[in-house]
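The values are calculated or read from the model by the stated rules, or taken from the named source; none is laboratory data. Predicted model, so just to flag it, every value in this text is computed and none were measured. All Cβ positions, even for glycine, are placed from backbone atoms using ideal geometry, and neighbour counts span all protein chains on display.
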């Protein structure tokens, strides 16, 4: 093994030494007029299928490609967030807005398995599979294209890994240019929160808290709420925790420069990028930089792509990218914990600092956000990403024209190390008497209760890592015989994947093949297949065959449309085939394991011994999920300016793993194993429309896209239910279910003793009182229980995603805008905004959500239940009272630029462009006081106004 590693090192050293010499030569080689002709010659437009390419006109698959410039209009710290709404069929669910921790979740054509949630899409970078972390940290300026592969014709070659879709990303390559092209980009952005939740002031909190206590039959706590109006009284504080902890603005900036060029012998692209992304925390290092820090994310990208033509028949290429990421956050708590406390700690709880200058606190909350931010220490994370690809192509025209032999290997790796300096200092709670006044000692000094103590610790570690290695060998073929053309590929691939916590490496291997035949550039037949397997299954069940067929008809080349002035291009295509999905969460189901169980005591010393018992039975026939897809599409160009693409699809996913619902008596001592018995169907469409034209020198474009995907569980093992609506089968994945809200219990519903009157529906969850939520009794038994929970609204994952774009170029000015809308989406305030909507419970704060709570006086106009300091199981049942329309529209990006005219000394430059852009500047939704995408919970989503400069030398 050591010898093999040394040989690899020698090989890479030789490649890059040779590449460097060739690149240097390329920079000084004169370009002849013949070379210029080659440069200007239009190349056929091709589609990136990840493992292969295809000319666009003969593509029969459902694919969509996003070009490089479209990714640079948004200013984000994560490349994947630039894809929001831009690719029909790809749903990008936004994560946190915290610098360095803002990974989104990706879905392709919605969801079609309860075992495959987000981020199961297979991601390929320059032809090799990588983890999401390797993509998120790339610079938008090193990307050439992003292509989504959606149907079986496009993904069948990925076999048992293509069932959740494939995202193929290509980085920029060198080019045959007269001289080296040097490009410098710089952007500086100012960020602010899209929307933070608001809370009530100290006076309203204390006043309404007293009301809640009275509703609970308890004595009031605050004898004089008016004392809390002052705002500068540390004994009766009125603290806006958001204002104390957060700045109004933060910054993000990135700068990069690249070199691109080459000649017929060598081509190269080199990029260096730096990104700095600051958080919103205010004065975090006010005491010392070792004690506190703002959230911060720094990233350095280095990339070198080299292509060498070693002979007329042999070419090689090497791609190397290295990325380092440094993340700093306050130690001892997460951003989620901090923002939960900013929302949950009342303004009246305690002062930031006590009258004697010490940190304020409360034994109820034990969390002073400003103290912890400035004096709790620093948590640092350092990430190293490395990806290396090497490949060669040997043309075998000597054997038969159009044949080529190729091979490649890749190693990609990520490692994360951490270092934490954690400090603690005591804080102090002002003790108070029954009249809400501070307790004084004999000397007239305030009596404090000490919380915490002085302490410090340092810890470093880090075992978070992953690595992939892959080897590929194959043949490509491209040859025409008269009007017939055959293209194809045959590829053998083996891949190993491991990460922290994984005992056995995930190994896959197999063959992938494709043959495309076209006749007279009108009739196209595409056959794709993969025969590959995984070591996760029993011998004899490790390999599967995944075929697909794609058909295309270029109708615009038929005689009846050839000279049509309106229809310039019309292609009708259809595909049908099968792909699969392995799942790391369900490995080795063919084996039975012993698992931990209750122990026993032995010996005179009563020594406890751990027990063991049989685990779930082995399932020797366990397999992967299988998805069969039918796709019908149309590609159309009208009047030379209008391009349209429409795809309609129907998917059926079978073999979804689930545990059978049969009851197993406890005395048997065993559990049932997962079986491939589930089934989900998924149907929908994608459409995109773009119009480009010009009026004189004024060029403009506008377009839109729409994607719709609706799934339905058609087979699932479930316990027997008395009513059909209680099953998940027959409904969509993630379907919201709950009780139907019918107003509030009123005083008239109760007798003089406080008991519900006869005929008034009761609750099995709690003893209800006036002002509690009342629900519909679906089964008519007079009692509200789980049998009354019915399907409501949609799922949290939207069914419809819309995109809108427009732009123009005129007299050096350019403008581009893009907006995204999502529809058919339901969110739950109970699930995702509990603190915001549940005042006083678990010592929560109160927000404007509860400003019109039920009282006898507001019984007919109240919008929320009665206030209470106690949890209420009846009110906390999922119901349409808590559900909201989660639809929203966001102006994802808008950019205005100006390219300076090449006059005077500017003639020496290719171009100078200045620009300003915005990200997430406009938001429309239907939820009061919260933004719909993440309900304003946790670290907020950000909007950005940025200014930039681009120089081409």
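The number of residues in the range 210-222 being buried (at least 17 other Cβ atoms within 10 Å of the Cβ) and not in a helix (DSSP H, G or I) comes to 1.
Quick check, is residue 650 under 30 Å from residue 61 (Cα atoms) and surrounded by 11 or more Cβ atoms within 10 Å (Cβ to Cβ)? Answer is yes for this residue. Out of the range 337-384, which residues are within 29 Å of residue 460 (Cβ to Cβ), out of contact with any helix residue (DSSP H, G or I) (no Cβ under 8 Å at 6 or more places or on another chain) and assigned to a loop (DSSP other than H, G, I, E, B)? Matches in the range 337-384: 366, 368, 376. Counting only strands (runs of 3 or more DSSP E) wholly contained in the range 560-642, the ones carrying 2 or more residues that are surrounded by 11 or more Cβ atoms within 10 Å (Cβ to Cβ) and in contact with a helix residue (DSSP H, G or I) (Cβ under 9 Å, 6 or more places away or on another chain) occupy 567-581, 625-638.
Conditions tested, residue by residue: (1) touching a helix residue (DSSP H, G or I) at 6+ places or on another chain (Cβ under 8 Å); (2) more than 30 Å from residue 271 (Cα to Cα); (3) surrounded by fewer than 18 Cβ atoms within 10 Å (Cβ to Cβ).
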site	(1), (2), (3)
208	yes, yes, no
224	no, yes, yes
230	no, yes, yes
236	yes, yes, no
241	yes, yes, no
244	yes, yes, yes
248	no, yes, yes
254	no, no, no
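Taken together, 720, 740, 664 contain a single residue that is farther than 30 Å from residue 806 by Cβ and in contact with a helix residue (DSSP H, G or I) (Cβ under 9 Å, 6 or more places away or on another chain), which is 740. There is at least one residue in the range 270-277 that is in contact with a helix residue (DSSP H, G or I) (Cβ under 6 Å, 6 or more places away or on another chain), in a strand (DSSP E or B) and buried (at least 17 other Cβ atoms within 10 Å of the Cβ).
Test residue 267 against the criterion of being part of a loop (DSSP other than H, G, I, E, B), touching a strand residue (DSSP E or B) at 6+ places or on another chain (Cβ under 8 Å) and under 25 Å from residue 407 (Cα atoms), and give yes or no. It is false that residue 267 is part of a loop (DSSP other than H, G, I, E, B), touching a strand residue (DSSP E or B) at 6+ places or on another chain (Cβ under 8 Å) and under 25 Å from residue 407 (Cα atoms). Output the residue which, of all residues in the range 661-687 that are in a loop (DSSP other than H, G, I, E, B) and in contact with a strand residue (DSSP E or B) (Cβ under 6 Å, 6 or more places away or on another chain), is surrounded by the fewest Cβ atoms within 10 Å (Cβ to Cβ). Filtering the range 661-687 for residues that are in a loop (DSSP other than H, G, I, E, B) and in contact with a strand residue (DSSP E or B) (Cβ under 6 Å, 6 or more places away or on another chain), the one surrounded by the fewest Cβ atoms within 10 Å (Cβ to Cβ) comes out as 670.
Tell me whether the range 790-807 contains one or more residues that are over 29 Å from residue 81 (Cα atoms), touching a strand residue (DSSP E or B) at 6+ places or on another chain (Cβ under 6 Å), outside any strand (DSSP E or B) and at pLDDT 95 or above. Yes. Just one residue in the set 864, 899, 855, 869 is surrounded by fewer than 21 Cβ atoms within 10 Å (Cβ to Cβ), free of Cβ contacts under 8 Å to residues at least 40 places away in the same chain and more than 20 Å from residue 190 (Cα to Cα); that residue is 864. Among the residues making up the range 540-559, those that are out of contact with any helix residue (DSSP H, G or I) (no Cβ under 7 Å at 6 or more places or on another chain) and either in a loop (DSSP other than H, G, I, E, B) or farther than 19 Å from residue 59 by Cβ (or both) are 540, 541, 542, 543, 545, 558, 559. Listed by first and then second residue, the pairs with beta-carbon distance under 7 Å, at least 6 apart or on different chains, first residue in the range 472-494 and within 19 Å of residue 530 (Cα to Cα), second outside any strand (DSSP E or B), are 477/402; 489/52; 491/51.
Of all residues in the range 763-789, those satisfying the criterion of being surrounded by 18 or more Cβ atoms within 10 Å (Cβ to Cβ) and part of a strand (DSSP E or B) are 763, 773, 774, 775, 784.
Scanning for something farther than 22 Å from residue 943 by Cα, over 26 Å from the mean Cα position of the chain (by Cα), touching a residue at least 24 places away in the same chain (Cβ under 8 Å) and surrounded by fewer than 18 Cβ atoms within 10 Å (Cβ to Cβ), does the range 831-839 turn up at least one residue? So far as the range 831-839 goes, no, none of its residues is farther than 22 Å from residue 943 by Cα, over 26 Å from the mean Cα position of the chain (by Cα), touching a residue at least 24 places away in the same chain (Cβ under 8 Å) and surrounded by fewer than 18 Cβ atoms within 10 Å (Cβ to Cβ). Only one entry in 110, 133, 85 is in a loop (DSSP other than H, G, I, E, B), touching a residue at least 60 places away in the same chain (Cβ under 8 Å) and within 29 Å of residue 251 (Cα to Cα), namely 85. Looking at the range 311-336, which of its residues are outside any strand (DSSP E or B) and in contact (Cβ under 8 Å) with a residue 24 or more places away in the chain? If the condition is that a residue be outside any strand (DSSP E or B) and in contact (Cβ under 8 Å) with a residue 24 or more places away in the chain, then 312, 313, 331, 332, 333, 335, 336 are the ones that fit. Please determine whether any residue of the range 901-917 is in a loop (DSSP other than H, G, I, E, B), out of contact with any strand residue (DSSP E or B) (no Cβ under 8 Å at 6 or more places or on another chain) and at positive phi. Taking every residue of the range 901-917 in turn, none turns out to be in a loop (DSSP other than H, G, I, E, B), out of contact with any strand residue (DSSP E or B) (no Cβ under 8 Å at 6 or more places or on another chain) and at positive phi. Screening residue 734 on (1) in contact (Cβ under 8 Å) with a residue 60 or more places away in the chain; (2) more than 22 Å from residue 799 (Cα to Cα); (3) out of contact with any strand residue (DSSP E or B) (no Cβ under 8 Å at 6 or more places or on another chain) shows it passes everything except condition (2).
Going by what's in this entry, would residue 605 be described as within 21 Å of residue 503 (Cβ to Cβ) and modelled with pLDDT under 90? Considered against the rule, which asks whether it is within 21 Å of residue 503 (Cβ to Cβ) and modelled with pLDDT under 90, residue 605 comes out as no. One residue alone among 60, 53, 91 is at pLDDT 90 or above, surrounded by fewer than 22 Cβ atoms within 10 Å (Cβ to Cβ), touching a strand residue (DSSP E or B) at 6+ places or on another chain (Cβ under 7 Å) and closer than 17 Å to residue 147 by Cβ, and that residue is 53.
Please indicate, with yes or no, whether at least one residue in the range 902-923 is under 30 Å from residue 884 (Cα atoms), crowded, with 19+ Cβ neighbours inside 10 Å, in contact with a helix residue (DSSP H, G or I) (Cβ under 6 Å, 6 or more places away or on another chain) and in contact (Cβ under 8 Å) with a residue 12 or more places away in the chain. No, the range 902-923 contains no residue that is under 30 Å from residue 884 (Cα atoms), crowded, with 19+ Cβ neighbours inside 10 Å, in contact with a helix residue (DSSP H, G or I) (Cβ under 6 Å, 6 or more places away or on another chain) and in contact (Cβ under 8 Å) with a residue 12 or more places away in the chain. State whether the residues of the range 386-408 include one that is in a loop (DSSP other than H, G, I, E, B), in contact (Cβ under 8 Å) with a residue 24 or more places away in the chain and in contact with a helix residue (DSSP H, G or I) (Cβ under 9 Å, 6 or more places away or on another chain). Checked against the condition, which is being in a loop (DSSP other than H, G, I, E, B), in contact (Cβ under 8 Å) with a residue 24 or more places away in the chain and in contact with a helix residue (DSSP H, G or I) (Cβ under 9 Å, 6 or more places away or on another chain), the range 386-408 yields no hits at all.
The rows are residues; the columns are (1) within 27 Å of the chain's Cα centre (by Cα); (2) farther than 14 Å from residue 389 by Cβ; (3) surrounded by fewer than 17 Cβ atoms within 10 Å (Cβ to Cβ).
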residue: 297; (1), (2), (3): yes, yes, no
residue: 307; (1), (2), (3): no, no, no
residue: 310; (1), (2), (3): no, yes, yes
residue: 318; (1), (2), (3): no, no, no
